[in-house]
Amino acid sequence: MNIAILSGELSGDLIGGALATEVRKLVPDVELWGLGSESMRAAGVELLADSATWGAISITEAVVKVPLMVGRVAPRLKRALSLRRPDVVVLIDFGAFNVRAARYCKRIGLNVCYYFPPGSWRRHGTAGDDIAAYVDLIATPFAWSAEHYERIGARAVNVGHPLVDRVAAKMTRSQFAAQFGMDATSAIIGLLPGSREHEVAYLMPTLLEAARQIYRDLPDAQFVVGIAPSISAERMRDYLASHAELRDRLTEIWHEFKQEAEDKLIQPVARTASVLARQREQMMVTQNGVLVPADAMRKEMEARRYSEHLRARAHQALPPTVLAKGLTYDVMAHSDVLLTCSGTATLEAALFATPMVILYRGSKLMELEYRLRGLDKKITYIGLPNILADRMIVPELIQQQATPTAIASAALSLLNDPLRRQQVRADLRAVRDCLGEPGASGRTAQLVVELARQRKD
């Protein structure tokens, strides 16, 4: 059996990897190939091209990637589809590319399954309707999407959302806090700046300033930056070091530790963090080491004759901040409030029923595009929890609205109002209920294998 899987950015790659794993359980000798990245590669999919850098959050960002997609990836994919003629081609989201792929596949007589059709999360509108003419099967994670496609004549199945299987924390809150020398009884605020380099570049400085403002009003607050697998800890350290408010207080002391197995706590980091916590020192902790802007920092800076400068800026205290790479789900699960970039992360956080402030912030060109296209008037919600609920249950701050002061104010209003947080958690649990039961990847794999066997028969 020969199956091609075509995904785009990180979220599609994760979905494709889970699907490939389930398909191989059903057909151990299946030939799997296509477009994707690390998750699909780990699941045994032969990749024609790595999609890790294809993600874009606007037309202005996407334009830069068009020459690669059109000039190199598309022709290579067409040749492979024509020569290898898979029994079924599975398309995962990524409509700008995959809708064209669907047309080509249908033109040369291949079976096509569209998994996660474009815009399927929207309860209203006609986004993605054109794919009905080019596909043999639509596997969608939402009941309303399946009903819509059936009404327009497509074969559609509601398979549920694979996030229900994938999203889980590794630690309890107490373990998570102990890992980084934090106080589990004090407020923990998670910062999720995104999984794309440009998202982090645009949002991280704003998040850091918002954290400083929150810390000023809530001195017991602790901050955790969830670093996506696609962003290196070193790159995140550079973003921190380049922030004007923090640059002069970051130490050059960096203790390197080798990471142990992923499912184990990294004991050297935990021990060091615990010592610092007992001393009530301000600190930064990463999975790779500890960054200490306290006594050691002071000695270092005094040696460089910066002590007067430090005293002059003492009122701008660096909040206790943790860099946590590879623990994003724990950051989501154990934060009292999340400040998160819009995207799949907001839905993942909803599965933990964690209150959040959803943020969208980009370049000046992206701001201009946003206004020229009238998106500020056309789009009711940008956050998936609000879109799925079809009402505003968590606050959203878009482009110029997403100032440090506005972010801090939205976060503090949640942190200081337990009853509101309780209601938000209840609303988010209702969002989780619309994602279906566990086993979405397995159900989709069964449908894909059945479609492939129809071609072979």
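In this calculation the C-beta distance from Asp129 to Thr380 is compared with R0 = 22 Å, giving a FRET efficiency of 0.70.
Under a 5 Å amide H cut-off, with hydrogens placed 1.01 Å from N, Ala156 pairs with Ile138 among residues at least 5 apart or on other chains. With both labels modelled 7 Å from their Cα along Cα-to-Cβ, the Ala52 to Val157 distance reads 3.3 nm.
Sorting Ser195, Ser37, Ser232 by the number of Cβ atoms found within 10 Å of their own Cβ, with the fewest placed first, yields Ser232, Ser195, Ser37. Rounded to the nearest Hz, the phi-derived 3J(HN,Hα) couplings of the range 320-328 under the Karplus curve 6.51 cos²θ - 1.76 cosθ + 1.60 (θ = phi - 60°) are x, 10, 10, 9, 10, 9, x, 10, 4, where x marks glycine and proline. Calculated FRET efficiency, Glu437 and Ala184, Cβ-Cβ r, R0 41 Å, to nearest 0.05? Here the calculated transfer efficiency is 0.80. Each label was represented as a point 7 Å from its Cα along the Cα-to-Cβ direction; for Asn2 and Ala96 these points are 3.1 nm apart. Counted by neighbouring Cβ atoms within 10 Å, the residues Cys434, Cys341 run from fewest to most as Cys434, Cys341. Length available on full extension from Gln446 to Arg235: 0.36 nm per residue minus the Cα-Cα distance, which gives 71.9 nm.
One chain, two ends: Arg72 and Ala430. Fully extended at 0.36 nm per residue, the span grows by 124.5 nm beyond their Cα-Cα distance.
Exposure proxy for Val331, Val167: other Cβ atoms within 10 Å of each Cβ, ordered fewest to most, give Val167, Val331.
Once C-alpha pairs closer than 8 Å and six or more residues apart are averaged by separation and normalised to the residue number of the range 171-223, the relative contact order reads 40 percent.
Values in this text are rule-based calculations from the coordinates and carry no lab data. Bear in mind the structure is a predicted one, so any value in this text is a computation, not a measurement. Quick reminder, even Gly has a Cβ in these numbers, built from the backbone with ideal geometry, and neighbours come from all protein chains shown.
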